1. Straight-line reach from Lys373: which lysines have a Cα under 18 Å away, not including same-chain ones fewer than 8 places off?
2. Below 15 angstrom from the Cβ of Trp76, what's the summed charge of the other residues (Lys, Arg +1; Asp, Glu -1)?
3. Taking all protein chains together and a probe of 1.4 Å, list Trp76, Trp157 from the most accessible to the least accessible.
4. Any idea which of Leu264, Leu238, Gln252 is furthest toward the positive side of the dipole for the stretch 226-340, if Lys and Arg beta-carbons carry +1 and Asp and Glu beta-carbons -1?
5. Give the residue from Leu167, Ala358, Phe89 lying farthest towards the positive end of the charge dipole for the chain; charges sit on Cβ (+1 for Lys and Arg, -1 for Asp and Glu) and the dipole is referred to the Cα centre.
6. Computing the accessible area with a 1.4 Å probe over protein heavy atoms, can you report the carbon and sulfur percentage for the stretch 328-385?
7. Measure off, as a whole percent, the carbon and sulfur share of the 1.4 Å-probe accessible area of the stretch 194-327, all protein chains present.
8. For the stretch 340-479, what class follows from the C-alpha gyration tensor (a ≥ b ≥ c being the square roots of its eigenvalues): rounded when a/c is under 1.5, otherwise prolate if a/b is larger than b/c, else oblate?
Amino acid sequence: MQWIDRILVSSGMEKEFIRLAAAERGFDFSKASAKQASTFARHSTLVLRTNVVGALMGLSVREFSSRLADSMLMQWFLGVSKVDVIKPFSKSTKDRFGHWVGEQTMRAINIKLIATLAGKDGNACAEALALPESMDFTEVFFDSTCLKANIHFPIDWVLLRDATRTLMKAVVLVRAAGLKVRMPQEPLAFLGDMNTLCMKMSAKWRSVDGKKQRKQVLREMKRLEQRVARHAKAHLDLLKTRREQTDLSEKQAALIITRIEGVLAQLPAAIKQAHERIIGERKVANDQKILSLYDDAINVVVRGKADAEVEFGNRLWLGETRAGLIVDYKLCRDTSADTSLVEPAVKRLVEEQHLPVATVWGDRGLHSAKNEKMLGQKGIKSGLCPRAPSELARRLADEPGFREGLKRRASTEARIGIFTNVFMGRPSRAKGFGHREIAVGWSVLTHNLWVVARLAEAERKRKEQALFKALDAQRHRAA
């Protein structure tokens, strides 16, 4: 953390983050008092350092707050410790810090760090961090993976259980506020009935005529779900018209209304999906599937890996340098092919960040005639692995350094594993596509700070060992 603290100060990252946060949140320093400006700057700095430490340690918000209360190192880094008192913040505050700025601001601050290391200030920053020289950005290694969503496996009839649970728990809140509609049983009893049907559905796999019985159970589920939806709709209408008669605030009522309406809007499609796949025994296209009732930006990512034939989440694109810095990233909302992501990535690196990219490396999934032509027009050497074995053999034999580059590109798989499993979490705790985009930005920033700090520490140890060797040699000569 000491190295990261030095990087944030020497590179001007804190000042840039304060400026970007003020621009996004509409805070005008020229119109604010000195106290207001100081408070905003101090709070923005705390947000920056808190999110960096959170991504570096991989703790949940609750674990982070507990660790902060007894960790002097974390208190020093965040600047929350004083001589007479320690003021650690709550888990709710830590959660709000994660959404203090948006994805565009995070991308801008990441570009700022890379520009500092690559541009005219790179040597000054390298000198402040005791690095041997500024970073090399002539080679970029691309690859993609699936950022898994934090959902259960999207089984069709389990979605009906999810809908029952959400609707009935929302009805419990409405009835607790004093608004009641006649029901044959308590709301949570419906959830118990649905859970019973789910257990019956699971048990039918082992029956002789299991397919027929599963269809019958699904019909019972559909009838129960329709009853649940009618009761939820009745309580929803009552809450909309008589909210003033309850103790619920407007925001609390709006949250309950949004929760019920969101599930009711998807319920017909979820029932139809289960009917088509189980009763009709027909396939449903991936772009028409409901994978989660609570996140509509999740895709079916077919990767064909031995341990992950199909994954559920969003495609994550990363580009790293030979030193391990992530210089390009993108979280895709749709299921774009890898070949279509190369050209936008090159434009971001060359035209937006103005990096001196000379060679681009990638696996066979990125190779295409269009990408080869595009790289040639931009004067960038293509290190994309050819799909044809004959072409691959020719380039390995004729092009010096091509074999070594492909071997180095294989290390990008490890970089992706480190990034997704350590910095993003397994799975990522961020819910919703927008929040996942922001989380990726924070993780990229933390990862790059960690890489630079490790390089600085390695250089310090190298100089220390060289000094010790020189002193030993001097003592030997004196003896």
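The values are calculated or read from the model by the stated rules, or taken from the named source; none is laboratory data. Quick caveat: nothing in here was measured; it's all calculated off a predicted structure. No Cβ is skipped: glycine too gets one built from the backbone with ideal geometry, and neighbour counts run over all protein chains shown. Side chains are part of the model used for accessible areas, which takes the heavy atoms of the whole protein and leaves out ligands, DNA and RNA. Shrake-Rupley method; radii C 1.70, N 1.55, O 1.52, S 1.80 Å.
1. Cα-Cα hits under 18 Å: Lys347, Lys381.
2. +3
3. From most exposed to least exposed: Trp76, Trp157.
4. Leu238
5. Going by the Cα projections, it comes out as Leu167.
6. Answer for the stretch 328-385 is 50 percent, counting heavy atoms of protein chains only.
7. Carbon and sulfur together cover 50 percent of it.
8. The shape class here is oblate.
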